[in-house]
Amino acid sequence: MSEKRLFSIRGATFCENTKDSITNCVGEMCRLIFSENGLSSDDIVSIQFTMTEDLDVLNPATALRLYKELGLDVSAVPLFCSQEVKTVGMLKKVIRVLVTCYMPSDAGIHPAYINGAQILRPDLGENRK
């Protein structure tokens, strides 16, 4: 087995400003990152979220902890959230994530841009709904 090194895996999702939408969108985005990159709770160093100012009913960290189908326990993982920097022409209703984790040094990274957020990084996004 190869040695592990530190990686950061990105993702983003569009969602509506409801608790259910934020919980489901954040949960699904993170579930995809965790499963497609073969991560366990012990691999994850921290998870950082940003959200646009129009999303204000639920913090993404809380949403992640509420999501029931995550597939792994993140209760001991440090989570951090901040508001996305407001810029002219920015897209609305977006939550972004940066998962910092240890993976085999030869691992391929699989980001998760979902629910239309592929337009943010078409070079990284796959054809997802």
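Can you give the charge dipole size of the chain about its Cα centre, rounded to the nearest 20 debye, using +1 on the beta carbon of Lys and Arg and -1 on the beta carbon of Asp and Glu?
Numbers: 14 positive and 16 negative charges, 43 e Å.
In debye, rounded to 20, the chain gives about 200.
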Across the range 100-108, in residue order, what do the Karplus-derived ³J(HN,Hα) couplings come to in whole Hz, using 6.51 cos²θ - 1.76 cosθ + 1.60 with θ = phi - 60° and x for Gly and Pro? 9, 8, 9, 9, x, 4, 9, 5, x
Considering only DSSP beta bridges where both residues belong to the range 1-112, give the percentage that are antiparallel (nearest 5). 75
Please report how many Lys pairs in the chain have alpha carbons closer than 21 angstrom, counting only residues at least 8 apart along the chain or sitting on separate chains. 7
Does anyone have the angle between helix 19-36 and the longest principal axis of the chain? Alpha-carbon axes, 0 to 90°, nearest 10? 20
Counting helices only, and only those DSSP H runs with n ≥ 4, report the 222 nm mean residue ellipticity of the chain as the sum of -39,500 (n - 2.57) divided by its residues, in deg cm²/dmol to the nearest 500. -6000 deg cm²/dmol
By the 4.7 Å beta carbon criterion, which cysteine residues of the chain come out unpaired? CYS30, CYS81, CYS101
Per residue of the range 67-83, what does 6.51 cos²θ - 1.76 cosθ + 1.60 with θ = phi - 60° give for ³J(HN,Hα)? Whole Hz please, x for Gly and Pro, Karplus curve as stated. 5, 7, 9, 5, x, 7, 8, 10, 4, 9, 7, x, 10, 9, 10, 8, 7
Quick calc: nm separation of the 7 Å Cα→Cβ label points for SER46 and LYS19 -> 2.8
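All of the numbers you see were taken from the coordinates with simple rules; none came from a lab. Here the structure is a predicted model, which means the values were calculated and not measured. Note that we place each Cβ from the backbone using ideal geometry, even for glycine, and neighbour counts take in every protein chain shown.
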